[in-house]
Amino acid sequence: MIKRIFIGTAWPYVNGDLHIGHLAGYLIPADIFSRFCRLKGYETLMVSGTDCHGTPITVEADKRKITPQELVEEYIPKVHEFVKTYQATYDIFTSTTTENHKKITQEFFLNLLKNGYISKEKSYQYFSPEENRFLPDRYVEGECKFCLAKEQRGDQCENCGRSLEPGDLLNPKSKLKGTPVILKETEHYFFDYPKLQKEIEDFVLNSNHWREWVYKETLGFLKEGLKKRAITRDIDWGVPLPKEKIPKNFLIENIEEKRFYVWFEAVIGYFSATVEWAEKNNKSWEDFWLDPSCRHYYFMGKDNLIFHTIFWPAELIGQQKGYNLPYFPAVNNFLLLEGKKFSKSRGIHIDSLEIAKDYGVDYVRFYISSILPENKDADFKWQEFKETINNELVDKIGNFIHRVLVFYEEKLNQKIENENLAQEVLNKTEEVFQKYEKHLEKCEIVHAFNLVLDYVGFANQYLDREKPWSLKNKEKIEEIIFSSLQIINSLRIMLWPFIPQSMDKLSKILGLKIEPKVGQNHFVFQKIENIKLREKPTPLFEKERKIVT
Ligand SMILES: [Zn+2]
């Protein structure tokens with residue numbers, strides 16, 4: 001039986017770019033799922049934080065001629081504002097710069113070393129003769145040798161999704177200087193993935209409940225055979241190595257000048273954040289990492305797939321402590337903007353905070369929920385945004401709620417003597433709750449969303465067909481309005497994960513509250529009686545008229 005749920009979401013880089021791809025890629029789907037789990041009565045823990053290391057940070061800092069530390073301090077508050085604005089239900093939102101994270105990362109490494117999964121090897125890295133230093137992969141640009149896509153970064157090809165090793169780029173150049181770079185020998189620690197090939201394969205083959213494309217893509221990577229990968233880099237910004245705890249014969253050259261590679265270290269944040277949360281709240285991290293009935297969900301964009309389906313599971317298995325492995329990597333495809341890839345420099349960009357300010361958080365959450373790129377790339381279109389708000393949210397959902405509440409107040413004076421529930425409303429509501437749960441348990445968020453829209457369609461048809469405003473029979477009128485109030489109450493629960501602000505507002509009008517409680521499932525039909533409105537009903541939503549396309 002499932003009781004506990006762990007949710008890890010991608011850690012936003014603090015390089016200042018929080019476009020709406022971040023909303024669709026992890027923040028909104030993760031928060032919908034988190035709210036669902038909480039209302040379902042699961043003990044839920046959602047963690048993340050700012051990803052402060054790695055070359056996206058140093059590249060940006062170099063560009064602006066400030067230190068990485070200054071850059072991080074400048075942008076962390078912006079990420080916190082982003083999380084707060086969208087009301088994401090994190091239990092902890094920390095950072096990879098904490099002492100706790102550093103300590104746990106080093107422990108993870110030492111365990112892997114002790115268990116025989118780390119080797120030290122000399123390898124070739126990109127080196128810029130012009131700048132006289134090793135260049136991190138992201139500072140290097142060239143042609144992917146596998147698919148020949150141009151302008152790919154040294155660590156990953158965005159076109160074919162492969163993670164790239166030094167030497168996998170044709171005609172590599174320094175991103176900052178534009179000058180050619182060469183390969184030069186340097187010593188590093190490597191993660192011996194081939195040793196875990198069999199265990200990772202078993203883990204993935206046992207996970208055929210994943211989204212089909214995620215499952216297939218992961219198997220594809222495994223079929224190519226896992227290779228050793230460097231987990232340290234010649235860089236001075238990041239988590240340092242625990243030199244004094246490494247056996248002498250295992251030290252590498254110039255160890256003080258190296259740091260853990262960010263892909264190795266940032267995922268450990270899921271674990272270290274849990275430990276930090278447990279310490280601060282007097283809880284037990286073991287409940288989430290050692291209780292095998294706790295299911296682990298991860299939300300991220302597809303550029304992070306391999307890190308969560310292969311590399312992170314391998315780091316966990318390599319600890320040999322029985323830590324829970326990912327149960328479901330909710331990987332999302334990309335969000336495009338009017339058919340084009342986001343690019344701040346080319347002006348193809350919508351800032352997450354600005355759009356929230358301009359149109360309201362729930363409008364953005366509502367539209368993004370309708371187009372989440374779960375199985376293929378999705379496209380943000382301004383015209384469609386406007387139509388979805390006006391036609392679905394305002395005309396169908398808002399209008400139904402408003403019509404019923406106004407009738408209840410004005411014609412029935414908020415009194416219903418015969419609280420009869422129409423059988424068809426009861427049947428439909430129970431059916432929708434059941435399907436809704438089923439879809440969300442599988443992270444089929446768009447399906448669940450469409451199901452709620454269908455339910456609203458049913459509600460409007462029911463009201464239009466029964467026409468309580470033209471009837472004389474009081475008992476019948478009461479039955480219709482009582483039944484419609486039950487629909488509103490059910491909608492309030494179903495829509496809360498999607499548009500929490502509006503549903504909290506509706507709850508207030510109805511004199512109710514939405515309070516998740518461990519062990520209590522809200523997704524079962526519950527009749528509410530004697531509703532007393534706390535304020536005069538006003539429309540919950542207004543039509544969007546600002547967008548001109
Ligand atoms: Zn490629």
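The values are calculated or read from the model by the stated rules, or taken from the named source; none is laboratory data. Computed from a predicted structure; not experimentally measured. Using ideal geometry, Cβ is built from the backbone for each residue, glycine included, and neighbour counts are taken over all protein chains shown.
The single condition among (1) buried (at least 21 other Cβ atoms within 10 Å of the Cβ); (2) polar (S, T, N, Q); (3) not in a helix (DSSP H, G or I) that Ser123 does not satisfy is (1). Residue pairs whose Cβ atoms lie under 8 Å apart, separated by 6 or more positions or on different chains, with the first residue in region 262-274 and on the phi > 0 side of the Ramachandran plot and the second part of a helix (DSSP H, G or I), do not occur.
Scanning region 347-377 for residues that are under 18 Å from Lys78 (Cα atoms), acidic (Asp, Glu) and not in a helix (DSSP H, G or I) gives a single hit, Asp351. Of the residues that make up region 471-488, is at least one under 22 Å from Lys428 (Cβ atoms), within 23 Å of the chain's Cα centre (by Cα), modelled with pLDDT of 95 or more and buried (at least 21 other Cβ atoms within 10 Å of the Cβ)? Checked region 471-488: no residue is under 22 Å from Lys428 (Cβ atoms), within 23 Å of the chain's Cα centre (by Cα), modelled with pLDDT of 95 or more and buried (at least 21 other Cβ atoms within 10 Å of the Cβ).
Close Cβ contacts (under 6 Å, 6 or more residues apart or on different chains) running from residues in region 467-482 that are in a loop (DSSP other than H, G, I, E, B) to residues that are among the hydrophobic types (A, V, I, L, M, F, W, C) comprise Leu471/Ile477.
Number of residues in region 506-549 that are in contact with a Phe, Trp or Tyr (Cβ under 6 Å, 6 or more places away or on another chain) and farther than 14 Å from Arg492 by Cα: the value is 2.
In this structure, does Phe342 turn out to be of a type outside the set (Val, Ile, Thr), at pLDDT below 95 and touching a helix residue (DSSP H, G or I) at 6+ places or on another chain (Cβ under 7 Å)? Reasoning before the result, please.
On the way: of a type outside the set (Val, Ile, Thr): yes; at pLDDT below 95: yes; touching a helix residue (DSSP H, G or I) at 6+ places or on another chain (Cβ under 7 Å): yes.
When the stated conditions are applied, Phe342 passes them.
Gly220 satisfies every condition listed in (1) at negative phi; (2) small (Gly, Ala, Ser); (3) surrounded by 13 or more Cβ atoms within 10 Å (Cβ to Cβ); (4) modelled with pLDDT of 95 or more except (3).
Looking only at region 157-179, filter to residues that are within 9 Å of the ligand (Cβ to nearest atom) and crowded, with 16+ Cβ neighbours inside 10 Å; which one of those is nearest to Phe127 (Cα to Cα)?
Our first condition is that a residue be within 9 Å of the ligand (Cβ to nearest atom); within region 157-179, this holds for 157-162, 164, 168.
Subset that is crowded, with 16+ Cβ neighbours inside 10 Å: 157, 161-162, 164, 168.
Details: Cys157: 20, Gly161: 24, Arg162: 22, Leu164: 16, Asp168: 14 Å.
Among those that are within 9 Å of the ligand (Cβ to nearest atom) and crowded, with 16+ Cβ neighbours inside 10 Å, it is Asp168.
Note on region 138-156: residues that are more than 9 Å from the ligand (Cβ to nearest atom), part of a loop (DSSP other than H, G, I, E, B) and touching a residue at least 12 places away in the same chain (Cβ under 8 Å) total 2. Any chance region 124-132 includes a residue that's in contact with a Leu (Cβ under 6 Å, 6 or more places away or on another chain) and within 16 Å of the ligand (Cβ to nearest atom)? Among the residues of region 124-132, not one is in contact with a Leu (Cβ under 6 Å, 6 or more places away or on another chain) and within 16 Å of the ligand (Cβ to nearest atom), which makes the answer no. Taking Asn304 as the residue in question, decide whether it is of a type in the set (S, T, N, Q), touching a helix residue (DSSP H, G or I) at 6+ places or on another chain (Cβ under 7 Å) and in contact (Cβ under 8 Å) with a residue 12 or more places away in the chain. Here the answer is no, as Asn304 does not meet what is asked. Here is a check on your reading of the model: is Arg4 basic (Lys, Arg) and either under 14 Å from the mean Cα position of the chain (by Cα) or buried (at least 24 other Cβ atoms within 10 Å of the Cβ) (or both)? Spelling it out, it is not the case that Arg4 is basic (Lys, Arg) and either under 14 Å from the mean Cα position of the chain (by Cα) or buried (at least 24 other Cβ atoms within 10 Å of the Cβ) (or both).
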